[in-house]
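Chemist: Here you go, one structure.
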Amino acid sequence: MGSIIKVEHLSYVYNPGMPNAVTALDDVSFEVEEGEIVTLIGANGAGKTTTLKAAVGILQFDSGEITVGGRSIRTDPLGCKRQLAYIPDNPDLYDYMTGIKYLSFIADVFGVNAATRQARIREYAELFELTGDLAQPIAAYSHGMKQKLSIIAAWLHDPKLIIMDEPFVGLDPKASHLLKTMMRQVCNDGGAIFFSTHVLEVAEKLCDKVAIIKSGRLIRSGTMEEVKGDDSLEDVFLELEAE
């Protein structure tokens with residue numbers, strides 16, 4: 001297996017040099033290899049979203065290096081972004097667009113040809129039971145529908161790496177099950193998944209590796225079995241949080 005994303009000594013400070021400066025990330029290092037589903041867990045404010053935003057090139061970090069498929073997110077951000085998809089915790093979509101226009105726009109951005117985009121939109125919209133809503137403006141969508149549309153958009157260009165922030169929030173049980181199946185299929189095809197979640201039971205059953213972040217530092221990481229041993233992931237997490 002090869003590394004799809006590698007994070008080395010990542011650090012980030014909010015408001016550097018100011019009295020209210022906060023170290024959000026402190027020397028964070030990990031990697032996600034081909035075929036792996038890796039989760040990042042931590043309490044609110046621990047640094048999960050900051051890590052994900054740095055990994056996809058949204059946040060300009062202070063020090064360290066992030067490579068995606070061997071390319072640096074600092075020096076070749078477009079080369080990195082072509083290989084990945086990102087779903088934020090609160091999908092910020094273009095409400096004035098219809099669902100189908102938004103998906104077509106995303107397909108245009110990534111250069112997906114007409115035949116491929118039509119086939120993938122048809123397939124995923126049917127799976128998520130969204131076909132009848134694609135002609136409606138996104139402003140009329142519920143949070144769950146927006147989440148489904150974001151997932152379809154992320155899968156459109158067949159990325160090697162999919163990064164997601166709390167992807168199961170707002171999804172009904174059927175859609176959650178479908179997403180988990182799609183995540184594993186990406187890995188079976190040689191890709192990788194990196195996501196944050198508060199749903200530790202899902203993480204424990206689904207993920208190959210786990211990283212636990214606390215106050216901007218990774219305090220434990222490894223395979224699921226290495227991290228939790230004979231305990232549940234929830235028990236291990238609560239114990240580490242209490243220390």
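Chemist: When you look at Val22, is it buried (at least 17 other Cβ atoms within 10 Å of the Cβ) and either over 18 Å from Ile162 (Cβ atoms) or in contact (Cβ under 8 Å) with a residue 40 or more places away in the chain (or both), yes or no? Can you show your working first?
Modeler: Numbers: buried (at least 17 other Cβ atoms within 10 Å of the Cβ): no; either over 18 Å from Ile162 (Cβ atoms) or in contact (Cβ under 8 Å) with a residue 40 or more places away in the chain (or both): yes.
No: the conditions fail for Val22.
Chemist: Got at least one residue in segment 194-203 being more than 18 Å from Asn44 (Cβ to Cβ), among the charged types (D, E, K, R) and open to solvent by 60 Å² or more (accessible area, probe 1.4 Å)?
Modeler: The answer is yes; a qualifying residue exists.
Chemist: Does Ile121 satisfy being within 17 Å of Val56 (Cα to Cα) and either at pLDDT 95 or above or not charged (D, E, K, R) (or both)?
Modeler: Numbers: within 17 Å of Val56 (Cα to Cα): no; either at pLDDT 95 or above or not charged (D, E, K, R) (or both): yes.
Judged against the criteria, Ile121 is not a match.
Chemist: Something else now. What are the residues in segment 12-36 that are among the small types (Gly, Ala, Ser) and assigned to a strand (DSSP E or B), if any?
Modeler: Of segment 12-36, the ones among the small types (Gly, Ala, Ser) are 17, 21, 24, 29, 35.
Listed by number, the residues that qualify are Ala24, Ser29.
Chemist: Go through segment 212-242 residue by residue and tally those that are in a strand (DSSP E or B) and among the hydroxyl-bearing types (Ser, Thr, Tyr). Working first, answer last.
Modeler: So in segment 212-242, the residues in a strand (DSSP E or B) come out as 212-214, 217-223.
After this cut, where a residue has to be among the hydroxyl-bearing types (Ser, Thr, Tyr) as well, the list is 221, 223.
Looking only at that region, the number is 2.
Chemist: Applying the selection to segment 101-126, what residues are surrounded by fewer than 19 Cβ atoms within 10 Å (Cβ to Cβ) and closer than 22 Å to Lys174 by Cβ?
Modeler: Within segment 101-126, Arg120, Arg122, Glu123, Glu126 meet the criteria.
Chemist: Taking only segment 78-122 into account, find how many residues are among the polar types (S, T, N, Q) and outside any helix (DSSP H, G or I). Walk me through it before giving the result.
Modeler: Step one: of segment 78-122, the residues among the polar types (S, T, N, Q) are 83, 90, 98, 104, 113, 116, 118.
In the following step, the residues that additionally are outside any helix (DSSP H, G or I) were identified as 83, 90, 98, 113.
The number of residues fulfilling the criteria is 4.
Chemist: Might you let me know whether segment 134-148 holds any residue that is within 17 Å of the chain's Cα centre (by Cα) and either under 25 Å from Leu59 (Cβ atoms) or hydrophobic (A, V, I, L, M, F, W, C) (or both)?
Modeler: Yes, segment 134-148 contains a residue that is within 17 Å of the chain's Cα centre (by Cα) and either under 25 Å from Leu59 (Cβ atoms) or hydrophobic (A, V, I, L, M, F, W, C) (or both).
Chemist: OK, next. Among the listed residues Thr181, Thr131, which satisfies the condition of being among the polar types (S, T, N, Q), surrounded by 13 or more Cβ atoms within 10 Å (Cβ to Cβ) and without any contact (Cβ under 8 Å) to a residue 40 or more places away in the chain?
Modeler: The match here is Thr131.
Chemist: Select from segment 207-243 the residues that are within 23 Å of Asn188 (Cα to Cα) and without any contact (Cβ under 8 Å) to a residue 12 or more places away in the chain and write down the one among them that is least open to solvent (accessible area, probe 1.4 Å). Please lay out each step first, then the result.
Modeler: Within segment 207-243, the first condition is being within 23 Å of Asn188 (Cα to Cα), and the residues that meet it are 207-211, 221-226.
Retained after the next criterion (residues that are without any contact (Cβ under 8 Å) to a residue 12 or more places away in the chain): 225-226.
On the way: Glu225: 118, Glu226: 134 Å².
Looking at residues that are within 23 Å of Asn188 (Cα to Cα) and without any contact (Cβ under 8 Å) to a residue 12 or more places away in the chain, I get Glu225.
The values are calculated or read from the model by the stated rules, or taken from the named source; none is laboratory data. Treat the numbers as computed from the prediction; the structure is a model and nothing was measured. FYI the Cβ positions are ideal-geometry reconstructions off the backbone, even for glycines, and counts take in every protein chain you see. Surface accessibility is based on the protein's heavy atoms, side chains included, excluding ligands, DNA and RNA. Shrake-Rupley method; radii C 1.70, N 1.55, O 1.52, S 1.80 Å.
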